[in-house]
Every structure is written in structure tokens, then in C-alpha cells.
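The values are calculated or read from the model by the stated rules, or taken from the named source; none is laboratory data. Worth saying up front: this structure is predicted, and the values here are computed from it rather than measured. Every residue, glycine as well, gets a Cβ built from its backbone with ideal geometry; the counts of neighbours run over all protein chains shown. The area values use the complete protein model at the heavy-atom level, side chains included, leaving out ligands, DNA and RNA. Shrake-Rupley method; radii C 1.70, N 1.55, O 1.52, S 1.80 Å.
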Amino acid sequence: MFRTATASSFASRFFISINHPRIAPLTIPLASLTNHAPVAFDGTNQRQHNRNEDEKQQQRKKRTGALRFIAASSFLSWFSKKSDDENTPESQLITIIKRSILSIQKEEYQKAEQMLHLALKMAQDLQSKDGITYIYDIMANLAMEVGDFAKAEKLFVNVMQRLFSDGFLEDHIKMLHISSKVAHLAQLQGHLDKAAQGFEWTLAKLEEKLKQLGDDNGKEIRELWGITKNWYAQLLMECKRFAEAKQAFLQAYEAYTEIHGKLTEEGLTILNNLSVACSNLEDYASAERFLKEAISLAAQIPDLSEAGVYKANLGLLYLQQGLLRQASEFCTFAWRYGKQHKHEETVIQASYCLDQIKAMQK
């Protein structure tokens with residue numbers, strides 16, 4: 001799931017995104033969604049822009065999106081089939097690891113951290129190289145999940161070094177999973193050149209593999225390619241390369257929905273971000289089309305908290321074009337929806353829209 005930031009010709013407002021907390025100013029006051037929480041970015045609204053670093057860090061810690069254990073899951077097969085006896089030390093280790101993953105999924109992060117340190121000690125005592133590597137990988141994903149990006153990057157690099165020492169090549173799928181995440185972590189820390197190089201290298205390697213395997217045998221690679229494209233699109237937005245970002249979001253959406261279908265929060269997030277890209281290109285018709293598609297699909301997903309953000313974004317899009325009646329309709333609905341579902345970002349976005357409408361009617 002995603003979130004981003006924006007600016008407006010009326011006053012500044014941000015887009016909310018759900019995969020990355022930092023994104024370049026947009027030309028309309030919408031909310032874009034990345035896999036991390038939203039942060040305001042513009043030059044005119046200092047109240048939104050100058051949030052202190054502690055607030056920004058807390059926002060970044062909310063969530064990292066759809067495939068939080070995409071790399072970790074591929075490691076378990078290395079040693080999970082070695083024993084069917086539940087009383088062996090190795091089976092006990094596997095049980096603790098599985099419980100730690102469950103704790104992360106329940107957002108019980110401190111409990112997960114404690115179990116992982118216990119598991120690491122057990123793996124070291126067992127001299128299980130695969131187990132140690134797998135645990136470091138989960139620790140890296142956990143650090144990424146809670147927003148400790150520097151720690152996550154360090155742990156992922158450790159995992160890659162261990163894989164290299166075990167004979168894995170740099171273009172092995174496990175390595176490419178991690179290289180994509182390391183590039184994303186560089187982006188999240190503001191190292192944009194490093195992130196761009198990492199994404200472009202990873203995408204090139206994935207595309208080579210897709211050509212070799214063909215469409216029928218490359219599902220995992222295709223999925224990772226789509227995830228990496230989505231993160232790369234967010235980087236392009238931050239670099240104000242909006243036309244390229246639009247194309248990358250379109251490719252990411254096609255890849256993601258091809259595998260998971262259209263009725264997912266992650267897919268809707270990409271649609272929302274496509275609208276952000278189009279708005280920056282002043283292609284308001286396409287921006288409206290993508291938002292309306294997201295709203296229509298969101299109506300089929302019960303209790304989707306982000307649905308209100310899409311409504312607020314559409315209201316703000318209408319406001320940008322001076323369509324006050326339509327803007328009022330959608331932003332009023334979004335405000336009520338946000339209150340009902342206790343979704344703060346929706347309420348903030350809708351309230352801003354309604355305040356702008358009142359100011360324009362004076």
C-alpha cells in the first residue's frame with residue numbers, strides 16, 4: 001500500500017502515497033499513495049512542509065506494502081524440509097521463525113524482534129548457515145517495516161554477502177529481490193542517484209531473465225519486475241520526471257493486476273499514483289479516469305480505509321478545474337467517510353478541499 005506529496009496553484013496541498021514517504025511536488029492538491037506514509041512537499045505551505053523529522057520518521061514507519069516478505073519467503077525452503085520430527089532443534093528453530101513472521105504480520109514488532117534474536121542464537125548454535133541467512137533476511141524486512149531504513153539496508157547487504165559466499169550469482173532471483181529492496185531503501189533515505197542506479201540495474205537483469213524464460217515460466221520474476229517498476233516510478237516522481245513515472249506506473253499496474261487481479265489495495269494505490277502523475281502532466285482527463293476507476297474498484301473491497309482518499313483526491317481535482325459543485329460533493333463524502341472509518345489522512349485531505357471551496361465562494 002502507498003502515499004506521496006504535492007503542491008497546488010491555490011495553496012499547497014499534498015498527495016498521499018503508500019509506498020514511499022517522499023515525493024516531488026505535484027501541480028494539483030491531491031493525495032498520492034505509496035507504501036509508506038504521506039509527507040507534504042511544496043514551497044508555499046510551510047506549515048505542511050516543515051514538519052519536524054520525528055513526525056516524518058513516524059509517518060514512514062506505518063507500512064511497507066504488499067510484499068513485505070517477498071524475499072524472506074523464498075529462503076524457508078532451504079532448510080524447512082530437512083526434518084519431519086517436531087522435536088528436533090531444527091524443527092523448533094523453524095517454529096520460532098514462523099511465529100516471528102506471524103508476529104510481524106500482526107504488527108507485534110517488539111515480540112518479533114525478541115523471537116528473531118532467540119532464533120538467531122539457536123541457528124548459530126546449530127551452525128545452520130541457511131537458517132542464519134534466513135533470519136537476517138527477516139530481520140532486514142522487519143527493520144524496513146518499522147522504518148529503520150539504515151539498519152534494514154545493512155542487514156540486506158549482510159544477506160547478499162552471505163549468498164555470494166554460498167555461490168549465488170548477482171543475477172539470481174534471491175539477489176535481485178534484495179537489490180530491489182536496497183535501491184528502495186536508498187530512495188527512502190534520500191539517496192536518489194544511488195536508488196536510480198540500483199533500480200535500473202535490477203530492472204535490466206529482470207528483463208534479461210524474462211526474455212530467457214518467457215511469459216509462462218517467469219511469474220515470480222514478472223511480479224518482482226512490477227514491484228521494482230512501481231518503486232522506480234515513485235523515484236521518478238520525486239525527480240519530477242512525470243512522463244516517465246506515468247509509463248512506469250502503467251507497467252507496474254499491468255504486471256501487478258496480471259498476477260493478483262484488480263481488487264487489491266495495492267493495485268488501487270498504483271491507480272491513484274497514476275492520477276498524480278497525470279495531474280503533474282496537466283492531463284486532467286486521465287487523472288480523473290484513473291481516480292474514478294480506483295473509486296469504482298474500491299467500492300468492491302469492504303472497509304477499505306483508503307477509499308475516502310480517492311474521493312477526496314477527485315474532489316481536489318475538480319477544485320483545481322474550478323468545478324466547485326462536484327468538488328464539494330466528493331470532498332464532503334470523503335470527510336464523512338474519513339470520520340466514520342477514523343482515517344486521519346482522508347479527513348485532513350477532505351477538510352483542506354472544503355476550506356478551499358469556502359474561500360473561493362467568498
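Given labels modelled 7 Å from the Cα in the Cβ direction, how far is it in nm from Gln127 to Ser351?
Modelled inter-label distance: 6.2 nm.
For the full complex of protein chains and a 1.4 angstrom probe, list Arg241, Arg99, Arg325, Arg162 by accessible area with the highest value first.
Largest to smallest exposure gives the sequence Arg325, Arg99, Arg241, Arg162.
Rank these by accessible area, largest first, 1.4 Å probe: Glu329, Glu306.
Ranked from most to least accessible, the order is Glu329, Glu306.
Given a cut-off of under 8 Å on Cα pairs at least six residues apart, what relative contact order in percent is computed for segment 161-221?
The value is 25 percent.
I'd like the Karplus ³J(HN,Hα) series for segment 294-302: coefficients 6.51, -1.76, 1.60, θ = phi - 60°, whole numbers in Hz, and an x wherever there's a Gly or Pro.
Karplus values, whole Hz, x for Gly and Pro: 4, 5, 4, 6, 4, 5, 9, 10, x.
To the nearest 10 Å², what's Trp335's accessible area with a 1.4 Å probe?
Ignoring ligands and nucleic acids, Trp335 comes out at about 100 Å².
What relative contact order, as a whole-number percentage, does segment 224-362 give when Cα pairs under 8 Å and 6 or more residues apart are counted?
Answer for segment 224-362 is 16 percent.
In whole percent, how big is the carbon plus sulfur part of the accessible area of segment 319-362, probe 1.4 Å, protein atoms only?
Carbon and sulfur together cover 51 percent of it.
Could you work out the per residue convex hull volume over the alpha carbons of segment 169-235, in cubic angstrom?
Cα convex hull per residue, to the nearest whole number: 68 Å³.
Compute the projected area of the convex hull of the Cα atoms of segment 289-362, averaged over all viewing directions, and report it in nm² to one decimal place.
4.4
Measuring from label point to label point, each 7 Å out along Cα→Cβ, what is the Leu169 to Leu263 span in nm?
Those two pseudo-labels are separated by 4.2 nm.
When the Kirkwood radius is taken over all Cα pairs of segment 234-309, what Stokes-Einstein diffusion coefficient follows at 37 °C and 0.692 mPa s, in µm²/s?
The diffusion coefficient I find is 263 µm²/s.
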